Each structure stands twice: as C-alpha cells, then as structure tokens.
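The values are calculated or read from the model by the stated rules, or taken from the named source; none is laboratory data. Keep in mind that what you see is a predicted model, and the values were worked out from it rather than measured. All Cβ positions, glycine included, derive from the backbone under ideal geometry; neighbour counts span all protein chains shown.
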Amino acid sequence: MLLGRFDSQENLMKALAIVVVIVGLAISAYNGFTYMTEGSVQAGEIQAGQEKENSSGWDPFLGASVTLIGVTLMFMASQKTKAF
C-alpha cells in the first residue's frame, strides 16, 4: 500500500505538500483548456452537424493559492519535525 512506504506522518505530509505545490504551479502555467462538442440534427433526409469549440478557464489567483497552501504544508511538516 502507498501509505506503508512512508515511515512517519511527517514524511507523508511533506510528500503531500510537494504534490500540492506541483499542482499549484501547473495551474499557474496553464490558464485553462479547450474542448470540442458535436451536435447533429436530422429532419427527414436532411442532416446537419456542427462542431463547437468550448473553453474553460480559471482565475490566475487559484494557482498561487494552491501553491501557497503547499508551501504552508511543507513549513508545518518541517516545524513538526523540529518540535520533537
């Protein structure tokens, strides 16, 4: 199991923090994504189709917020280790 690979809760928290930071940086790098939708209508023998490009984006502050949460988790994990 994945959790068995970490010998302590602090190491698990550090690994989670690294993943959160990477996700935050990826969100900051990519402003959104586009996807295609298809629609078709058939009336008798006549058939019409249409492809439409849609986009979905997110606020630029979302990536910075997620990165900041990851850095905070990393800081908390290192402080927890030093406290003992």
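Among residues belonging to the stretch 46-78 that are under 17 Å from residue 29 (Cα atoms) and assigned to a strand (DSSP E or B), point out the one that is farthest from the chain's Cα centre (by Cα).
55
Enumerate the pairs (first residue in the stretch 21-45 and outside any strand (DSSP E or B); second residue anywhere and modelled with pLDDT under 80 and loosely packed, with under 12 Cβ neighbours inside 10 Å) with beta-carbon separation below 8 Å, excluding pairs fewer than 6 apart on the same chain, so at least 6 apart or on different chains.
Here the result reads 28/60; 31/60, each pair linking the stretch 21-45 to a residue that is modelled with pLDDT under 80 and loosely packed, with under 12 Cβ neighbours inside 10 Å.
Condition first: surrounded by 10 or more Cβ atoms within 10 Å (Cβ to Cβ) and touching a strand residue (DSSP E or B) at 6+ places or on another chain (Cβ under 7 Å). Now tell me which residues in the stretch 33-84 satisfy that.
33, 57, 58
Just the residues that are under 30 Å from residue 9 (Cβ atoms), touching a residue at least 24 places away in the same chain (Cβ under 8 Å) and of a type in the set (A, V, I, L, M, F, W, C), please, taken from the stretch 46-79.
62, 64, 66, 68, 69, 71, 73, 74, 76, 77
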